[in-house]
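Student: Can you read through this structure? Questions will come right after.
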Amino acid sequence: MYDPVETDISKKFLMDILAEVESGNFGLVGGWAVYLYVNENFTRATGKEYLKSRDIDVFVKCEDDFLKKFKKIIFSMGFVPSGYDFRYQLIIDRNTLKPISENESKRKPVFELIYVFLDVFGDRKNDILPLWENGNVKKFIKEKAFNSREINGKAINLPKQEHLLAMKCESFLQRDNKEKRMKDACDIYALLFYSDIEKIPEFVKNIKEKLLSEDVLEFVAQELFGDMYKSGLVKRNLMGAL
């Protein structure tokens, strides 16, 4: 779905962050979290790797000392505030795969640039680091509802599957960007069938009608199984689960 150069760069900077950040107050949400939950089962079932992510979505527990350290780490890597309060970005030169400044980027055609977006979610607003105060994040932090997974030998906290699924359903309903909305649909399907989720939450039924629209079914079938005409199988599975 995404350019592998872009997903590899995203993973590279994710690993750079993990090398510096204390895992106790920090974890992954978004596409990379879905990948860590589903990739093993998905690969076993389909013979191919699950979709990687182009963006890095993280959650933080809003304790002042940690936020100060986290802010220093991401800014020292070159991340700068982007279009939303909770979003930070790096601009990468596609030829050198090195970060460049915004002024430098203006002298290059857009096809020579890669944007790495870091979205930061938290359990409360604060005066140190702007972020997205998110109800789902607040809930799983309060409940300590985490699982630990490894990426390249580094342990990282993920919200339990049902909480990650709740965030994915929320974003699926709210997206304006069609590409990201369709990626959310793939992630929702993958969490339902490849993440070892214990019980499918009732709230997923609230998006059943939208998930079963023909364009979504065909996209999921094409991206996950390489054949848009398997949309009938995707529909059958979703209807059986929901």
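Student: Kindly check whether there is at least one residue in the range 42-49 that is in a helix (DSSP H, G or I), in contact with a helix residue (DSSP H, G or I) (Cβ under 8 Å, 6 or more places away or on another chain) and among the aliphatic types (A, V, I, L, M).
Tutor: Taking every residue of the range 42-49 in turn, at least one turns out to be in a helix (DSSP H, G or I), in contact with a helix residue (DSSP H, G or I) (Cβ under 8 Å, 6 or more places away or on another chain) and among the aliphatic types (A, V, I, L, M).
Student: Can I ask one more? Enumerate the pairs (first residue in the range 74-86 and touching a residue at least 60 places away in the same chain (Cβ under 8 Å); second residue anywhere and not in a loop (DSSP other than H, G, I, E, B)) with beta-carbon separation below 8 Å, excluding pairs fewer than 6 apart on the same chain, so at least 6 apart or on different chains.
Tutor: MET77/PHE13; MET77/ASP16; MET77/ILE17; MET77/LEU90; MET77/PRO99
Student: Answer yes or no: is there a residue in the range 52-68 that is in a helix (DSSP H, G or I), in contact with a strand residue (DSSP E or B) (Cβ under 9 Å, 6 or more places away or on another chain) and not polar (S, T, N, Q).
Tutor: yes
Student: Let me ask you something else. Scan the range 213-242 residue by residue and report those that are surrounded by 15 or more Cβ atoms within 10 Å (Cβ to Cβ) and not in a helix (DSSP H, G or I).
Tutor: LEU242
Student: Run down ALA45, ALA33, ALA19 and say which single residue is farther than 11 Å from LEU118 by Cα, buried (at least 19 other Cβ atoms within 10 Å of the Cβ) and touching a residue at least 12 places away in the same chain (Cβ under 8 Å).
Tutor: ALA33
Student: In the range 175-189, is there at least one residue being within 20 Å of LYS48 (Cβ to Cβ) and among the polar types (S, T, N, Q)?
Tutor: The answer is no, given that none of the residues of the range 175-189 is within 20 Å of LYS48 (Cβ to Cβ) and among the polar types (S, T, N, Q).
Student: Further question: Taking the range 76-129, which residues are in a strand (DSSP E or B) and of a type in the set (S, T, N, Q)?
Tutor: If the condition is that a residue be in a strand (DSSP E or B) and of a type in the set (S, T, N, Q), then GLN89 is the only one that fits.
Student: Output yes when any residue across the range 207-227 is over 17 Å from ALA145 (Cβ atoms), out of contact with any Lys or Arg (no Cβ under 7 Å at 6 or more places or on another chain), of a type in the set (Lys, Arg) and not assigned by TED's automatic domain parsing to the domain that holds THR43, and no when none is.
Tutor: For the range 207-227, residues over 17 Å from ALA145 (Cβ atoms), out of contact with any Lys or Arg (no Cβ under 7 Å at 6 or more places or on another chain), of a type in the set (Lys, Arg) and not assigned by TED's automatic domain parsing to the domain that holds THR43: present.
Student: A further question follows. Since GLY153 meets every condition but one in (1) among the small types (Gly, Ala, Ser); (2) touching a residue at least 24 places away in the same chain (Cβ under 8 Å); (3) not assigned by TED's automatic domain parsing to the domain that holds PRO201, which condition does it not meet?
Tutor: It fails just one condition, (2).
Student: In addition: Being buried (at least 18 other Cβ atoms within 10 Å of the Cβ), out of contact with any Leu (no Cβ under 9 Å at 6 or more places or on another chain) and in the same structural domain as ALA145 (by TED's automatic domain parsing), is that true of even one residue in the range 73-91?
Tutor: no
Student: Could you list all residues from the range 174-212 that are aliphatic (A, V, I, L, M) and assigned to a helix (DSSP H, G or I)?
Tutor: Residues satisfying the conditions are MET182, ALA185, ILE188, ALA190, LEU191, LEU192, VAL204, ILE207, LEU211.
Student: Follow-up question, since we're still on this one. Is there any pair with a first residue in the range 123-142 that is assigned by TED's automatic domain parsing to the domain that holds LYS72 and a second that is polar (S, T, N, Q) whose Cβ atoms are under 8 Å apart and which are 6 or more apart or on different chains, and what are they?
Tutor: Close Cβ pairs (under 8 Å, with a partner that is polar (S, T, N, Q)) amount to ASP123/ASN134.
The values are calculated or read from the model by the stated rules, or taken from the named source; none is laboratory data. Just so it is clear, the structure is predicted and the values come from calculations on it, not from any experiment. Using ideal geometry, Cβ is built from the backbone for each residue, glycine included, and neighbour counts are taken over all protein chains shown.
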